[in-house]
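For reference, the structure is listed below as structure tokens.
The values are calculated or read from the model by the stated rules, or taken from the named source; none is laboratory data. All values reported here derive from a predicted model rather than from experimental measurement. Here the Cβ positions follow ideal geometry from the backbone for every residue, glycine too, while neighbour counts run over all protein chains shown.
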Amino acid sequence: MSLETKILSNIFYDSQYALKILPYTKEEYFDNGVNKNIIRLILKYFVQFNSVPNKDQIAIDSKEVNYLSDKDVKDIAETLDALERDTSDRNWLVKKTEEFYRFRALGSAIIKGATILESKDEGNQKKILTLVQDALGVSFNNTIGHSYFNDYISRFEAYHEKEDKIPTGIEALDEITRGGFSRKSLNCFMGASGSGKSMILVSCACDALRQGYNVLYITLEMSDIRIAERVDCNLMDVTAPRLSEIDLKGYSTKIENLKDTISGNLIIKEYPTGSSSVLHFRTLLNELAIKQNFIPDVICVDYINLMTSSRYKAGLVNSYSMIKAISEELRGLAVETNTAILTATQTNRSGFNNSDIEVTEVSDSVGLVFTLDLFLALIRTDALDAQNKIIIKQLKNRYSDLNKKPTFNLGFNMDFMRLYDIDASDYRTDESVYTPKRKMETISTGARSKNDFGSFKF
């Protein structure tokens, strides 16, 4: 039984399946002429009566349609008679139907796109892009919310289900995130200029790559070649000056060795500073899916302040509104693509050369903080640099209680663009090289304590 026949059969014999797929069904998705005619009649009935017809109703309706010949009516009747109850698993069939519709929608978009190109109208590229995006967006996900009392079983199962995490490869970061970065999350590192923000993003990208995840690295500051050079340093254990000394044969051998040991893939894309938005990223993701069958698990954006909003034009709103809008759009992309997005931001002027960084020292807009799932400050001093250490300070954490580990040390190696654990058993801050501006005061609340952020104004 072909998939088209399975779809027709289950429309008549499985009302739950029919009600799930009919709102997304189009006659153009079906190749067989008889099946196409039956689907057209089913959709007409469904729209008119808001219910699923049976085979007899479709057979009767076919006789009253002027555009169908006697042979068409006969073929429809014979096809309907041949349809039998199908025993396929409903969840499997829904998934296959969704994939089938998406594939047919994409084929239809390509054909329509070719016609649009021939017309030579202005804005053709945008029209074609919209067609392709709509085709790739075909989905049967039409949930209308979680019913607290009716959906408690699914909620209970979710509590006991292991969350799909992307481990960082660094024990301290995995601890504060309860196993790694969550999908559909926006995570940000903040530091002064030259503090190693890009180094940390590269390190996280390489760690995810080693674990078999696909990574998209978007750079809005450095060129894609400079980022690739840093990735080479990390993955090949060579310094940047050493890379220029390796001959082509030696370099090719290293790349082939990495291919044999790493199952993930990395795409690096450079965009102009200050003129790229989530719309550009979404277009890129669609193109990568179509042309290279590449779907990322992690997206690194280096870095968020160099983006522009897809909703507001630069100069028409203040920096607070602009950065807040960008962060909301970027987190929306994480949810839409089921990815973990990592990015970075700079401190404002008061945060430069500070031995401690507060959440209020974020540059441009504190509105960024409201949207983030994880916000970590990077603290470097001369004393820390001499020990190849960097202090990570938690500023916001939706994964776990940041008070349990407000600060911790990590090692870093700028030559190899790598962040690493210093001592997996001890992350206590060395007070001789780090003195906070203020101690973390706690308020007694009985069973738990929390930071006093009463002086911070949102």
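Some notes on this structure:
- Unmet requirement for residue 212, which otherwise passes all of (1) part of a loop (DSSP other than H, G, I, E, B); (2) of a type in the set (Gly, Ala, Ser); (3) under 29 Å from residue 368 (Cβ atoms): (3)
- Test: residue in segment 155-163 that is under 30 Å from residue 421 (Cβ atoms) and in contact with a Ser or Thr (Cβ under 9 Å, 6 or more places away or on another chain): yes
- Strands (runs of 3 or more DSSP E) wholly inside segment 341-458 that include at least 3 residues being outside the structural domain of residue 227 (by TED's automatic domain parsing) and either closer than 22 Å to residue 165 by Cα or at pLDDT below 90 (or both): 442-444, 449-451
- Matching option when the condition is surrounded by 20 or more Cβ atoms within 10 Å (Cβ to Cβ), among the β-branched types (Val, Ile, Thr) and over 19 Å from the mean Cα position of the chain (by Cα), among 317, 298, 362: 362
- Those residues of segment 35-67 which are under 19 Å from residue 108 (Cα atoms) and either in contact (Cβ under 8 Å) with a residue 40 or more places away in the chain or assigned to a loop (DSSP other than H, G, I, E, B) (or both), in sequence order: 35
- Qualifying residue in segment 323-336 (condition: over 16 Å from residue 273 (Cβ atoms), among the hydroxyl-bearing types (Ser, Thr, Tyr) and surrounded by fewer than 24 Cβ atoms within 10 Å (Cβ to Cβ)): no
- Looking across 31, 70, 56, one residue alone is assigned by TED's automatic domain parsing to the domain that holds residue 101, surrounded by fewer than 18 Cβ atoms within 10 Å (Cβ to Cβ) and at pLDDT below 90. It is 31.
- Candidate set from segment 202-234 (those that are under 16 Å from the mean Cα position of the chain (by Cα) and of a type outside the set (Ser, Thr, Tyr)); member that is farthest from residue 293 (Cα to Cα): 204
- Selection count where residues are touching a helix residue (DSSP H, G or I) at 6+ places or on another chain (Cβ under 7 Å) and part of a loop (DSSP other than H, G, I, E, B), scope segment 180-209: 3
- Residue, surrounded by the fewest Cβ atoms within 10 Å (Cβ to Cβ), within segment 141-168, restricted to residues that are assigned to a loop (DSSP other than H, G, I, E, B) and at pLDDT 85 or above: 149
- All of 164, 174 fail the test of being in contact (Cβ under 8 Å) with a residue 12 or more places away in the chain and of a type in the set (D, E, K, R), apart from 164.
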